[in-house]
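A short write-up of the structure that comes next.
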Amino acid sequence: MIKIIAEIGINHNGSLETTKKLIDVAKVAGCNYVKFQKRTPELCVPEKQKNVMRSTPWGDMTYIDYKHKIEFEKKEYDEIALYCEKVGIKWFASVWDEPSVDFMKNYADVSKIPSALITKHDLLKYARDNCDTLLISTGMSVEKEIEAAVEVGKPDVIFHTNSSYPSNVGELNLNYIHHLKKKYGHSAAIGYSGHEFGLITTFATVPMGVEWIERHITLDRTMWGSDQMASVEPHGLIKLVKGIRNVELALGHSEPRIVMGSELKKRLSLRGN
């Protein structure tokens with residue numbers, strides 16, 4: 001059965017109330033995990049951007065202050081951990097720096113290195129050494145970069161993705177999933193992380209053999225934030241999970257052809273045996 005990740009990411013906008021609503025949606029829809037993003041702003045924000053002013057729902061502030069505003073720390077993650085346990089859903093985070101790896105390993109044995117960072121080999125190795133299950137995404141990367149990331153990080157799951165938000169359907173290149181399965185399927189599960197509008201293209205990855213699927217989720221795509229527009233709203237997430245499970249059921253087995261139970265009565269009436 002495909003593992004389905006509902007990525008909350010930073011779509012909570014720093015609100016635990018919003019976070020809990022998104023966790024509830026993921027649980028009701030039938031997702032296996034919710035995922036967040038963990039950063040140390042001082043390390044992740046380039047120096048030239050730290051003091052750039054930005055207009056936000058909380059007023060004008062520097063970019064570094066904005067990043068701190070939406071970054072959850074121990075108090076919030078303690079509450080998230082308790083809430084996920086209460087609801088009954090697993091959770092983890094994409095980690096953007098080594099201190100975030102250290103932070104998150106207190107909560108989860110799964111970590112993900114996002115597409116933006118798979119060329120950071122020190123981080124890949126550190127994450128590999130400090131978590132049981134390592135996921136990576138391959139967006140924005142050429143083949144040699146992916147090969148090097150796999151060699152260094154030895155990931156358990158490799159996600160095909162297009163890193164534009166939202167992604168152009170004509171640039172999804174889903175057939176690359178076949179390439180990943182042929183090249184790395186002996187040592188890693190292959191997944192798909194979608195940032196496109198709609199659900200049909202994500203459904204299409206199921207018969208291609210993906211074992212993990214990830215989509216960003218939001219309460220409302222019109223909410224403030226860079227990832228909201230490319231996210232799936234609650235009713236869409238329910239349709240997404242139901243559709244994935246239905247495609248899995250429909251695929252069945254390939255051969256030999258057998259008469260299904262529902263066909264026996266029709267066979268008897270039309271053939272007499």
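For Lys144, indicate whether it is in contact with a Gly (Cβ under 9 Å, 6 or more places away or on another chain), outside any strand (DSSP E or B) and at pLDDT 95 or above.
Criteria not met by Lys144.
Going by the conditions given, is Val95 closer than 23 Å to Thr138 by Cα, in contact (Cβ under 8 Å) with a residue 60 or more places away in the chain and surrounded by 15 or more Cβ atoms within 10 Å (Cβ to Cβ)?
no
Find the residue count for the stretch 147-175, including only residues that are among the polar types (S, T, N, Q), surrounded by fewer than 21 Cβ atoms within 10 Å (Cβ to Cβ) and within 22 Å of Gly225 (Cα to Cα).
Selection size over the stretch 147-175: 4.
Can you name the helices (runs of 4 or more DSSP H) wholly within the stretch 178-273 that have at least 3 residues being in contact (Cβ under 8 Å) with a residue 40 or more places away in the chain, within 15 Å of Ile5 (Cα to Cα) and among the basic types (Lys, Arg)?
The helices (runs of 4 or more DSSP H) meeting that bar are 234-251.
Can you name the residue in the stretch 16-58 that is of a type in the set (Ser, Thr, Tyr) and out of contact with any helix residue (DSSP H, G or I) (no Cβ under 9 Å at 6 or more places or on another chain) and, of all such residues, is surrounded by the most Cβ atoms within 10 Å (Cβ to Cβ)?
Thr18
Are any residues in the stretch 5-15 crowded, with 22+ Cβ neighbours inside 10 Å and in contact with a strand residue (DSSP E or B) (Cβ under 7 Å, 6 or more places away or on another chain), and if so, which ones?
Scanning the stretch 5-15 gives Ile5, Ala6, Glu7, Ile8, Gly9, Asn11.
Here's the yes/no breakdown for (1) in contact (Cβ under 8 Å) with a residue 40 or more places away in the chain; (2) of a type outside the set (Phe, Trp, Tyr):
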residue: Arg54; (1), (2): no, yes
residue: Tyr63; (1), (2): no, no
residue: Tyr66; (1), (2): no, no
residue: Glu71; (1), (2): yes, yes
residue: Glu76; (1), (2): yes, yes
residue: Glu79; (1), (2): yes, yes
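The values are calculated or read from the model by the stated rules, or taken from the named source; none is laboratory data. Everything numeric here is computed off the predicted structure, so don't read it as measured data. Ideal geometry is used to build each Cβ from the backbone, glycine not excepted, and the neighbour counts take in all protein chains shown.
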